[in-house]
Amino acid sequence: YMCRIYTLMEVKYYLIAIFIFLMLNAPAQQHTISGYVRDAHSGEALIGANVYNLKTMMGTATNNYGFFSLTLPADSIWLTISFVGYQSHRMDFLLEGNQELNIDLSEGKLLEEVVVIGEELIEERTEMSLVRVPIKQVRSLPAILGETDLMKVLQLLPGVQSGMEGASGIYVRGGGPDQNLILLDGVPVYNAAHLFGAFSVFNTDAINNVELIKGGYPARYGGRLSSVIDISMKEGSKQGLKANGSIGLISSKLTVEGPIKDENTTFILSARRTYLDLLIRPLVRLASEGEATAGYYFYDLNFKINHRFSNKDRIYLSAYGGKDRAFAKSSYSYSNAGETYSSINKMGLDWGNVTSAARWNHVFTPKLFSNTTLVYSRYRFNVFYEFHEEMKSPNNSYKEDGFIKYFSGIEDYAFKSDFDFVPNANHYIRYGLHGTLHAFRPGVLSFKSIMDSDTTLGTPVTYAREFDLYVEDDFRITKKIKSNIGVHGSVFNVDGRNYFSVQPRVSMRYLMGDHLSMKASYAEMTQFIHLLTNSGIGLPTDLWVPATDIIRPQDSRQVALGLARSLNHDVEASVEGYYKTMNNLIEYKEGATFFHFDSNWENKVEAGRGWSYGAEVLLQKNKGPVTGWIGYTWSKTERQFENINFGEVFPYKYDRRHDFSMVAVYALSDRIELSGNFVYGTGNAVSIPVETYAGLADNPYWSPSIYYYVGRNAFRMRGYHRMDLGISIKKEKRWGERAWVLGIYNVYNRKNPFFIDIEWREDGQHFIQYSLFPIIPSFSYQFKFNKQ
């Protein structure tokens, strides 16, 4: 065992030595072309746009702010700039010194195929296990109740499981929902669900770009085991005031963007709110005997403002705030023969996120770009019940007031300093330092009644400090071999205990011939926080807690191998196999929940391990009148805990042997767009008793039953499959554009399993399957207003 650890440490330091050697032996500096690539109409940064020199067959891609740097020898340059869905731009000139270029690309016509020569294709990229889904494609796909949902679209990708029916949580390559690093403009989002998981918190009208990384993680990312979902908000149009929005069955939204004074300062403000509370309020009043109100709603607010001082300095201020609130209030009173009585009961449940970031971009030299960020992120969950009761009579009177409140949450304050250094066309070096102060509130219960004074139970707050340092180099070794080599180091301090972690990351690609490459990656990840959950549907009662002396940080190791090929300039294909191990996973002990306040949460959990392996196939088309993808996953995921399932290995609840998805968007004309998707997945693993023993009474309806299980998650629900269809009909107006969007969720009314319950009938015990969503039609009215 000691020998194995020693060998692993040797490998880590060997990789670090290789990385330092590569940096020190970078070729000499030459002339550099640098600048920004943006949308010509809106001024939005185009993230991942290709900048390619056809003469030397060397190029680069823009970063998250649209900035690029390309160092080339002094010579004639045949520069091509391209981005999916946009017309490519060609520039020919003689490079005699450093040159600054700011390039605006125009959107391509939907019905015309555009062949881009010199674009970096999938087989040429170093990254693997990475998928970019165009945000326009996300908005075009059919959605439940017409509410476009980014997370549900990501669930359609290979390697990503959806969890429960209708839920927006994602499970990537055998990991849990807490193992996904979800970033909104670089700020972590801790709870990404509205309506108990039915919708995500991301308003697609405010989003510019989304990127999913399932493995081969670049060293700049850390803190989670399973995936990175990097989401960038829009910056705001520089071409006059614009507004767009929609009115749907359950919610409406409005987005306003434009310049402030001139195009150097732009803003975007986007808001969304449901009105379920307004729709059900009359029904609640009709059903109640006294006066009562009840309802539920959620809202989102996205705001961003940015200012360009010069081509070297820009500042961005962005913020998001969202909340879910469920509430009920009832009152009752009567008066009779001199006696009066009144009561008021209030209860509520609310949870939500607040994120904000202030960042400064600075171009030190054409080869060195920096981004400095101050970050604040907060997630809170609160449930309360209050009551007031009063009675007066000639002989007696009393009055009682009380409350029960439960609160939990997590809060982050962070500083980030990141640098992009591009010494030449063969190297793209990134390095940086991050520091975060975490404030964990695992759960505090307060209550008061006529018999008790104010009482508080639980853990009020735990502070932890986390520091991260990383360096990586995307390095072209030869014409056929390219690699991304890096290392991520972390320190986590909590209650006087320090945890240290060194995580090497390696990704490589080898060109095997025309349009075909082999890719491989290895990544170690460490996660210093855990999510205590009783359910798989992302309930707000899930609690964030830190690693402690008793509960160690989670860690994982993942290796992946695959092939990538571009069939033409429109279609990309990839096949990947992966194997991942995970340690120090936690689950509640049998029978334990977050409501137990008589002991610390550390004493209510079990630590164990897990592993997942599988193969994924993705065929993706992002250009032309027909776009979409076909994906398939074969996988196996298991868990093992010493005191759960008698220490035996058992399938993870969301282990699925087969998962298939097909997604398509067809631009029939400039006015009409058709969309659809079909999904199939092996049923979730469930625990079902094989024998039942009645209690002392002879009547099974009244006696408590004792169930015998052969093993945890030993059975499967029925397979899940569903088809959705949609159509969008647009029309140009003098003031802009309007569109009617019609959709059908679950077209053939499949009764997909949500959960299984046991029911006693005259002929014995039966297992009953309950389903959640039948066929659901939806419509929405969308509009865009443009003022030039």
Exercise for the section: Quick one: in the range 289-339, of everything that is among the acidic types (Asp, Glu) and within 25 Å of the chain's Cα centre (by Cα), which residue is farthest from VAL363 (Cα to Cα)? Expected result: ASP324
Handout entry: Extreme residue, surrounded by the most Cβ atoms within 10 Å (Cβ to Cβ), among residues of the range 495-534 that are in a loop (DSSP other than H, G, I, E, B) and in contact (Cβ under 8 Å) with a residue 24 or more places away in the chain
Key = PHE528
Practice task
Inspect the range 692-707 for any residue being of a type in the set (Val, Ile, Thr), crowded, with 17+ Cβ neighbours inside 10 Å and either at pLDDT 85 or above or outside any loop (DSSP other than H, G, I, E, B) (or both) and give the result as yes or no.
Solution key: no
Handout entry: Contacts under 6 angstrom Cβ, first residue in the range 709-737 being among the β-branched types (Val, Ile, Thr), partner loosely packed, with under 15 Cβ neighbours inside 10 Å, 6 or more apart
Key = VAL710/VAL690; ILE729/ILE672; ILE729/TRP740
Practice task
Look at LYS323 and say whether it is open to solvent by 20 Å² or more (accessible area, probe 1.4 Å) and in a strand (DSSP E or B).
Solution key: yes
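Yes or no, residue by residue, for (1) more than 30 Å from ASN493 (Cα to Cα); (2) part of a strand (DSSP E or B); (3) open to solvent by less than 20 Å² (accessible area, probe 1.4 Å); (4) touching a Gly at 6+ places or on another chain (Cβ under 7 Å):
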site	(1), (2), (3), (4)
GLY352	no, yes, yes, yes
VAL363	yes, yes, yes, no
ASN371	no, yes, yes, no
LEU374	no, yes, no, no
TYR398	yes, yes, no, no
ASP401	yes, yes, no, no
Problem - Options GLU112, GLU119: the member that is closer than 19 Å to LYS136 by Cβ, open to solvent by less than 40 Å² (accessible area, probe 1.4 Å) and at pLDDT below 70 - result: GLU119
Exercise for the section: Filter the strands (runs of 3 or more DSSP E) completely within the range 176-265 down to those with at least 2 residues that are more than 15 Å from the chain's Cα centre (by Cα) and aliphatic (A, V, I, L, M). Expected result: 241-248, 251-260
Handout entry: SER408 being open to solvent by less than 10 Å² (accessible area, probe 1.4 Å) and either touching a residue at least 12 places away in the same chain (Cβ under 8 Å) or not basic (Lys, Arg) (or both)
Key = yes
Fill in the blank from the handout: Looking across the range 621-649 at residues that are crowded, with 21+ Cβ neighbours inside 10 Å and in contact (Cβ under 8 Å) with a residue 60 or more places away in the chain, the single one that is farthest from ARG557 (Cα to Cα) is THR627
Handout entry: Complete set of residues in the range 722-767 that are open to solvent by 30 Å² or more (accessible area, probe 1.4 Å), assigned to a strand (DSSP E or B) and farther than 29 Å from VAL665 by Cβ
Key = PHE755, ILE756, ASP757, ILE758, GLU759, TRP760, ARG761, GLN765, HIS766, PHE767
Fill in the blank from the handout: Residue pairs qualifying under the 6 Å Cβ cut-off, at least six apart or on distinct chains, with the first in the range 28-41 being at pLDDT below 85 and the second being open to solvent by 10 Å² or more (accessible area, probe 1.4 Å), are GLN30/PRO73; HIS31/ALA74; HIS31/GLY97; HIS31/ASN98; ALA40/ASP104; ALA40/SER106; HIS41/GLN239
Exercise for the section: For the range 404-419, indicate whether the set of residues that are of a type in the set (A, V, I, L, M), within 23 Å of LEU531 (Cβ to Cβ) and assigned to a strand (DSSP E or B) is non-empty. Expected result: yes
Exercise for the section: Give the residues of the range 658-686 that are open to solvent by 10 Å² or more (accessible area, probe 1.4 Å), small (Gly, Ala, Ser) and not in a strand (DSSP E or B), sorted by residue number. Expected result: SER669
Handout entry: Residues of the range 156-172 classified as at pLDDT below 75 and of a type in the set (Ser, Thr, Tyr), total
Key = 1
Fill in the blank from the handout: Of TYR217, TYR221, the only residue that is buried (at least 23 other Cβ atoms within 10 Å of the Cβ) and of a type in the set (Ser, Thr, Tyr) is TYR217
Practice task
Can you run down the residue pairs with Cβ atoms below 8 Å, 6 or more apart or on separate chains, where the first is in the range 557-586 and touching a residue at least 12 places away in the same chain (Cβ under 8 Å) and within 18 Å of GLN179 (Cα to Cα) and the partner is of a type in the set (Val, Ile, Thr) and outside any strand (DSSP E or B)?
Solution key: ASN584/ILE551; ILE586/ILE551
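The values are calculated or read from the model by the stated rules, or taken from the named source; none is laboratory data. Here the structure is a predicted model, which means the values were calculated and not measured. Because the Cβ atoms are built from the backbone with ideal geometry, glycine has one as well, and the counts that use them run over all protein chains shown. All accessible areas refer to the heavy atoms of the entire protein, side chains included, with ligands and DNA or RNA removed. Shrake-Rupley method; radii C 1.70, N 1.55, O 1.52, S 1.80 Å.
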